[in-house]
Amino acid sequence: METCKRCFLLSLAFLMVFFENLGTNVVFGFNGNYKHHSPHFSTIQGIYDMKDVEDDGWQMVETKWNQFIVNGQPYYVNGFNTYWLMVMAADQSTRGKVSEVFQQASSVGLTVCRTWAFNDGQWRALQKSPSVYDEEVFKALDFVVSEAKKYKIRLILCLVNNWDAYGGKPQYVKWGKAAGLNLTSDDEFFSHPTLRSYYKAHVKAVLNRVNTSTNITYKDDPTIFAWELMNEPRCTSDPSGDTLQSWIAEMAVYVKSLDAKHLVEIGVEGFYGPSAPARAQFNPNSFATQVGTDFIRNHQTLGVDFASVHIYADSWISQTISDAHLQFTTTWMEAHIEDAEKYLGMPVIFAEFGVSSKDPGYNSSFRDALISTVYKTVLNSTKKGGSGAGSLLWQLFPEGMDNMDDGYAIVLAKSPSTLNLISLHSSKLAIFNSMCSWKCHWGCKKKNALETIIYHDDL
């Protein structure tokens, strides 16, 4: 079907479904036990079903200047984090939690999940020692990837942690010391050639893995949205940023040498460093300038396809809840969207954001206000064709996993107001993704009659 004609028909059909459902409460459920009345879910499902009719297959995500695209059409992201998927899938008694969280996420239109493709030397370790893997845990990661595809959810797979949870940078240093290396700092993970080689070997093992559930090599699987080099890399021993920059430059190119098809991102939190002193005013505190990361410089590196930013006002500014957190969130996001447009020419995803229920003054209304602030800022960029390409909640949980809750868990079955916010934002992005195409003369940057629908706060 001619692309422009397809755009028109999809948009017309979507409008018919949208207006039909404005006055209708549609019942949907996660597992048959919990049901919620929402005017939005059927709209999302309707547009997804229509897209499937004309779908050319499960295509790789690409970038074109400052937008993600799939099969020639913009791909704006409403997604989530669930880091523990592989570990839970490694035990048959808990594997069902993986399916459960994917089903719930899909039911509210979430399309991208960020999760760990590492567990180094810990409980249920994937990598028990350098280049020595537990095949059963690798099969668990295979299951996660195959199950994500089943629910049409793409994965951002992170390859190592900066922190000691699930091993990470400190575990690599422990391995180095056990091998006889004279190491004095965890930051030598970034500089010591042996530790760099350990990391590269892990990257190679994951990217070249043939999925035992699908028989598809990871580096060939469109289910994988992107590779993330590291979760929240910091190198405080070198505030100049040179050490971390050297590591990013080497590893981004290395990943691309193994897999030129998938996107690559770094995983940084977004702090401004020495290369952009004028932007340091947007950092949440003075310490952020000293952690060895440098948002603009880092993302100008060859092989890096899009920018990542995290948002934790309750960790960075003050733990006590206040409206200042919302103000910071807006300013922080707008600054990075501007940088992505002016200096980087790439999309930016706000890859972690949330607020802890353990914070003084916390209530669910504030969490909803924070989520609304993030979603509104993304949409303000989206409607202008800007670089604000999406956001990922930290973090989505099914019921019955309280023991792993760090305070940030969102259980949709217990949070109807939050569920509505997520569902509505998904429906807005679904409209945008279906209406606009790079192949179509009806450009995304043009204002149109649907603006009052897509961006009206009451809908």
| Out of Gly96, Gly72, Gly79, Gly121, which single residue is more than 19 Å from the chain's Cα centre (by Cα) and within 30 Å of Ile431 (Cα to Cα)? | Gly72
| said: Quick test of your reading of the structure: Asp323 fulfils all but one of (1) touching a residue at least 12 places away in the same chain (Cβ under 8 Å); (2) out of contact with any strand residue (DSSP E or B) (no Cβ under 9 Å at 6 or more places or on another chain). Name the failing condition by number. | reply: (1)
| Does at least one position in segment 96-110 carry a residue that is assigned to a strand (DSSP E or B) and in contact with a strand residue (DSSP E or B) (Cβ under 7 Å, 6 or more places away or on another chain)? | no
| Filter result (more than 12 Å from Ala117 (Cβ to Cβ) and either crowded, with 19+ Cβ neighbours inside 10 Å or β-branched (Val, Ile, Thr) (or both)) within segment 197-210 | Tyr198, Tyr199, Val210
| task | Could you give me the residue pairs with C-beta distances under 8 Å whose first residue belongs to segment 171-182 and is within 19 Å of Ala125 (Cα to Cα), whose second residue is open to solvent by less than 90 Å² (accessible area, probe 1.4 Å) and small (Gly, Ala, Ser) wherever it lies, and which are 6+ apart or on separate chains? | result | Gln171/Gly121; Val173/Ser185; Lys174/Gly121; Trp175/Gly121; Trp175/Ser129
| query | Give me the pairs: first residue in segment 289-301 and in a helix (DSSP H, G or I), second residue open to solvent by less than 10 Å² (accessible area, probe 1.4 Å) and of a type in the set (S, T, N, Q), beta-carbon distance under 9 Å, and six or more apart or on different chains, which are they? | reply | His299/Ser308
| message | Being at pLDDT 95 or above, more than 30 Å from Trp247 (Cα to Cα) and in contact with a strand residue (DSSP E or B) (Cβ under 7 Å, 6 or more places away or on another chain) is true for just one of Val304, Val309, Val374, Val355. Which residue is that? | response | Val374
| Qualifying residue in segment 242-250 (condition: small (Gly, Ala, Ser) and either in contact (Cβ under 8 Å) with a residue 60 or more places away in the chain or not in a loop (DSSP other than H, G, I, E, B) (or both)) | yes
| task | Taking the options Thr184, Thr223, name whichever one is within 26 Å of Gly79 (Cα to Cα) and modelled with pLDDT of 95 or more. | result | Thr223
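The values are calculated or read from the model by the stated rules, or taken from the named source; none is laboratory data. The structure presented is a predicted model; accordingly, all values stated were derived computationally and were not measured. Positions of Cβ are generated from backbone atoms using ideal geometry, with glycine treated the same way; all protein chains shown enter the neighbour counts. SASA here: full protein model, heavy atoms, side chains in, ligands and nucleic acids out. Shrake-Rupley method; radii C 1.70, N 1.55, O 1.52, S 1.80 Å.
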